[in-house]
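Report on the following structure.
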Amino acid sequence: MRNRTLTVLAVAAVAAVLTGCSSGAAGSADRQTALTDLKLGTDSSAAAMLPSDIQKAGKLVVGVDPTYAPNEFKDKDGAPIGWEIDLIDAVAAKLGVKTDYRVAKFDNIVPSILGQKYDMGLGGYYDTKKREETLDMVDFFTAGNQFASPAAKPITNELDVCGLKIAVQNGGSAPLVYLPEVDKKCEAAGKPKTNQLGYDTQDDATAAVTLGRADAMVADSPVIGYAAKLSKGKLVTSPIYDSLLSGTPVKKDRGQFAQAILAALQSLQKDGSYTKILSYWGVENGALDTMQINGATE
């Protein structure tokens with residue numbers, strides 16, 4: 001996720017293109033209504049695993065970079081919002097504590113976790129072997145490249161895009177890394193390569209598809225899922241390709257903290273709250289059947 005270049009401003013504009021609204025942020029009242037029946041009572045077995053200093057503080061201090069909708073961005077009042085925010089709020093409830101979000105630059109979050117200024121971080125973190133050297137990654141999602149296309153022309157296989165006009169945001173890994181690999185597969189199958197249409201912002205790329213200038217678009221899967229949800233059926237999504245696990249980083253050797261978060265997530269998964277939160281934000285395609293700690297393969 002964070003090897004892509006999308007920003008909250010771009011996705012907010014996507015929403016304006018698709019719905020005629022002035023912002024991509026889901027309204028807080030609408031969100032509260034949609035998520036009112038989450039089962040957020042304390043899970044005593046998970047809460048018992050929290051380090052004593054967190055139990056005493058009664059809160060999780062979370063470093064967050066709110067520039068990556070729909071994972072985390074800012075509402076009209078400047079408060080962090082997004083599906084990862086809703087999920088960690090639910091985790092905190094299961095652990096019997098509150099959340100205390102500290103807005104920070106992405107590159108500053110991990111050093112602050114290692115220095116125990118923050119307990120954990122949010123910002124679209126992929127689980128990698130490199131990160132696992134100093135952090136425990138609690139994996140709760142999988143993300144990758146994904147296409148969106150008009151509902152009448154769904155993409156069910158990578159080879160479906162061969163020869164199509166594909167809208168992309170300039171500078172992202174999709175046009176620079178992913179689509180060149182797709183083009184190799186197209187050529188090997190005797191099909192024409194994709195025709196990339198580059199745009200400076202994701203909202204422009206989305207508009208190209210909705211207005212018929214492009215046949216499809218490709219971007220990071222949470223962003224594509226959110227755009228499809230906002231389109232109210234106009235756009236449909238493809239499967240996710242080149243997926244990697246993602247989640248929240250916490251400091252290693254901090255007792256059973258990572259296990260406590262994992263247990264809370266598993267409780268949310270069991271009672272259906274996990275699925276409800278992801279579905280509300282349109283990112284359910286990235287849901288995991290089995291959550292884990294440090295599941296990176298590369």
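The values are calculated or read from the model by the stated rules, or taken from the named source; none is laboratory data. Note that the coordinates shown come from a computational prediction; the quantities given were computed from them, not determined experimentally. Here the Cβ positions follow ideal geometry from the backbone for every residue, glycine too, while neighbour counts run over all protein chains shown. Keep in mind that these areas ignore ligands, DNA and RNA; they rest on the heavy atoms of the full protein, side chains included. Shrake-Rupley method; radii C 1.70, N 1.55, O 1.52, S 1.80 Å.
Which one of these is under 27 Å from Ser112 (Cβ atoms), touching a helix residue (DSSP H, G or I) at 6+ places or on another chain (Cβ under 9 Å) and not small (Gly, Ala, Ser): Leu262, Leu244, Leu235?
Result: Leu262 is the single residue among Leu262, Leu244, Leu235 that is under 27 Å from Ser112 (Cβ atoms), touching a helix residue (DSSP H, G or I) at 6+ places or on another chain (Cβ under 9 Å) and not small (Gly, Ala, Ser).
Return the total of residues in region 197-230 being more than 25 Å from Asn71 (Cβ to Cβ) and surrounded by fewer than 22 Cβ atoms within 10 Å (Cβ to Cβ).
Of the residues in region 197-230, 4 are more than 25 Å from Asn71 (Cβ to Cβ) and surrounded by fewer than 22 Cβ atoms within 10 Å (Cβ to Cβ).
Scan (1) crowded, with 16+ Cβ neighbours inside 10 Å; (2) out of contact with any helix residue (DSSP H, G or I) (no Cβ under 8 Å at 6 or more places or on another chain); (3) of a type outside the set (Asp, Glu); (4) closer than 27 Å to Ser221 by Cβ for the single condition Lys105 breaks and write down its number.
Every condition holds for Lys105 apart from (1).
Let me spell it out: the conditions are (1) modelled with pLDDT of 95 or more; (2) open to solvent by less than 20 Å² (accessible area, probe 1.4 Å); (3) of a type in the set (S, T, N, Q), and Asn145 meets all of them except one. Which number is the exception?
Result: Asn145 fails condition (1) only.
Conditions first: (1) closer than 30 Å to Asn294 by Cβ; (2) open to solvent by 50 Å² or more (accessible area, probe 1.4 Å); (3) touching a strand residue (DSSP E or B) at 6+ places or on another chain (Cβ under 6 Å). Leu176 passes all but one, so which condition is the exception?
Going through (1) closer than 30 Å to Asn294 by Cβ; (2) open to solvent by 50 Å² or more (accessible area, probe 1.4 Å); (3) touching a strand residue (DSSP E or B) at 6+ places or on another chain (Cβ under 6 Å) one by one, Leu176 breaks only (3).
What's the total number of residues in region 231-259 that are in a strand (DSSP E or B), open to solvent by less than 10 Å² (accessible area, probe 1.4 Å) and either of a type in the set (Phe, Trp, Tyr) or farther than 20 Å from Val168 by Cα (or both)?
5
With respect to the numbered conditions (1) surrounded by fewer than 23 Cβ atoms within 10 Å (Cβ to Cβ); (2) at pLDDT 95 or above; (3) assigned to a loop (DSSP other than H, G, I, E, B); (4) touching a Ser or Thr at 6+ places or on another chain (Cβ under 9 Å), which one is the sole condition not fulfilled by Lys117?
Result: Lys117 fails condition (4) only.
Which residue pairs have Cβ atoms under 7 Å apart, sit 6 or more places apart or on different chains, and have a first residue in region 141-161 that is over 21 Å from Lys232 (Cα atoms) and charged (D, E, K, R) and a second that is assigned to a strand (DSSP E or B) and open to solvent by 10 Å² or more (accessible area, probe 1.4 Å)?
Cβ pairs passing all conditions: Glu158/Tyr241.
So that you can scan it fast, the table gives a plain yes or no per residue for (1) in contact with a strand residue (DSSP E or B) (Cβ under 6 Å, 6 or more places away or on another chain); (2) over 22 Å from Thr42 (Cα atoms); (3) at pLDDT 95 or above:
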{"position": "Gly247", "(1), (2), (3)": "yes, no, yes"}
{"position": "Asp253", "(1), (2), (3)": "no, yes, no"}
{"position": "Gln259", "(1), (2), (3)": "no, no, yes"}
{"position": "Ala264", "(1), (2), (3)": "no, no, yes"}
{"position": "Lys270", "(1), (2), (3)": "no, no, yes"}
{"position": "Trp281", "(1), (2), (3)": "no, yes, no"}
{"position": "Glu284", "(1), (2), (3)": "no, yes, no"}
{"position": "Ala287", "(1), (2), (3)": "no, yes, yes"}
{"position": "Gln292", "(1), (2), (3)": "yes, no, yes"}
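So in region 280-291, with the set limited to residues that are surrounded by fewer than 17 Cβ atoms within 10 Å (Cβ to Cβ) and of a type outside the set (Val, Ile, Thr), which one is nearest to Thr248 (Cα to Cα)?
Among residues in region 280-291 that are surrounded by fewer than 17 Cβ atoms within 10 Å (Cβ to Cβ) and of a type outside the set (Val, Ile, Thr), the one nearest to Thr248 (Cα to Cα) is Ala287.
Of everything in region 43-74 that's under 25 Å from the mean Cα position of the chain (by Cα) and open to solvent by 40 Å² or more (accessible area, probe 1.4 Å), which residue is modelled with the highest pLDDT?
Looking at residues that are under 25 Å from the mean Cα position of the chain (by Cα) and open to solvent by 40 Å² or more (accessible area, probe 1.4 Å), I get Lys59.
Being of a type in the set (Ser, Thr, Tyr) and closer than 20 Å to Ala227 by Cα is the filter here; which residues of region 43-75 pass it?
Of everything in region 43-75, those that are of a type in the set (Ser, Thr, Tyr) and closer than 20 Å to Ala227 by Cα turn out to be Thr67, Tyr68.
Among the candidates Ala167, Ala263, single out the residue that is under 29 Å from Tyr280 (Cα atoms) and not in a helix (DSSP H, G or I).
The conditions single out Ala167.
Which of the residues spanning region 80-97 are at pLDDT 95 or above and either touching a Gly at 6+ places or on another chain (Cβ under 6 Å) or open to solvent by 10 Å² or more (accessible area, probe 1.4 Å) (or both)?
Asp86, Asp89, Ala93, Lys94, Gly96, Val97
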